[in-house]
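To start, the structure under review is shown below, and the notes come after it.
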Amino acid sequence: MQKAEVEEPKVESNNSDVVVSTETPKATATNLPEGPKFSALSLSSIRAKRELLESTRGIVKEDVQLPTEAFNETDMLLLWSKYAQRLGDRGHKIMESLLLIGDPKLEGTTITHELPNDSTKIEFESEKLELLGYLRGKLHNHDITIDVVVNEKVENKFAFTPKDKFNRLNEINPNLELLKKTFDLDI
């Protein structure tokens, strides 16, 4: 990167009159010192670009320490569902359903999310960076990564009969069996 040098006020002398110019030139691409011009397709321009790349490699970037606070799976799942709800409120129902297909698993700072096919993986990948930024910010940990796994054997179990519906609800809440026996209910 080249810097424009600011020139001192110019003094012009005309016989007996002295005129001082107080205008300072603005730093623009037109008044920067110019080197030789090269064709975009010439070997010399390729060499010049390579030299510019090598000169910028020597620049040392400041090491920024991003937060890496510890978090647990419960906190992650809570924020995951809040983000899904926020997407649903904004009308992004497809992405909301992709987030809620199953609970992601946490291993260290890697979140593994299973999706049923490649098309849903592609859809999820397009929105993954926003989700990742949200989770990193809220959990105060910038080491978080999200891995998407396609598991085509993930099937939604549909309950068609009343017995199937009861069994499904009983899996979710075993107290239903107690309720059924207490009040002597039929299915």
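The values are calculated or read from the model by the stated rules, or taken from the named source; none is laboratory data. These figures come from a predicted structure and were not determined experimentally. Cβ placement follows ideal geometry from the backbone for every residue including glycine, while neighbour counts extend to all protein chains displayed.
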From the set of residues in the stretch 114-124 that are under 11 Å from Val149 (Cα atoms) and among the charged types (D, E, K, R), which is surrounded by the fewest Cβ atoms within 10 Å (Cβ to Cβ)?
-> Asp118
Given the conditions (1) touching a Leu at 6+ places or on another chain (Cβ under 8 Å); (2) outside any helix (DSSP H, G or I), report the number of the one that Lys153 does not fulfil.
-> (1)
Hey, does the stretch 66-77 have a residue that's of a type in the set (Ser, Thr, Tyr), without any contact (Cβ under 8 Å) to a residue 12 or more places away in the chain and surrounded by fewer than 15 Cβ atoms within 10 Å (Cβ to Cβ)?
-> yes
Expected single match for of a type in the set (Ser, Thr, Tyr) and touching a strand residue (DSSP E or B) at 6+ places or on another chain (Cβ under 6 Å) among Thr182, Thr161, Thr112 is Thr112
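Listed residues Ile94, Ile111; which is touching a residue at least 24 places away in the same chain (Cβ under 8 Å) and either surrounded by 15 or more Cβ atoms within 10 Å (Cβ to Cβ) or not assigned by TED's automatic domain parsing to the domain that holds Ile146 (or both)?
Going through Ile94, Ile111 in turn, the sole match is Ile111.
Could you say whether any residue in the stretch 81-91 is in a helix (DSSP H, G or I), among the hydrophobic types (A, V, I, L, M, F, W, C) and surrounded by 14 or more Cβ atoms within 10 Å (Cβ to Cβ)?
Within the stretch 81-91 (the criterion being in a helix (DSSP H, G or I), among the hydrophobic types (A, V, I, L, M, F, W, C) and surrounded by 14 or more Cβ atoms within 10 Å (Cβ to Cβ)), the answer is yes, since at least one residue qualifies.
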Filter the stretch 135-154 for residues that are modelled with pLDDT under 90 and loosely packed, with under 13 Cβ neighbours inside 10 Å; the one that is nearest to Gly108 (Cα to Cα) is Asn151
State whether one or more residues within the stretch 155-172 are surrounded by 13 or more Cβ atoms within 10 Å (Cβ to Cβ), outside the structural domain of His92 (by TED's automatic domain parsing), polar (S, T, N, Q) and modelled with pLDDT under 90.
-> yes
Taking the stated definitions as given, is Leu106 among the aliphatic types (A, V, I, L, M), surrounded by 13 or more Cβ atoms within 10 Å (Cβ to Cβ) and either in contact with a Pro (Cβ under 7 Å, 6 or more places away or on another chain) or not in a helix (DSSP H, G or I) (or both)?
-> yes
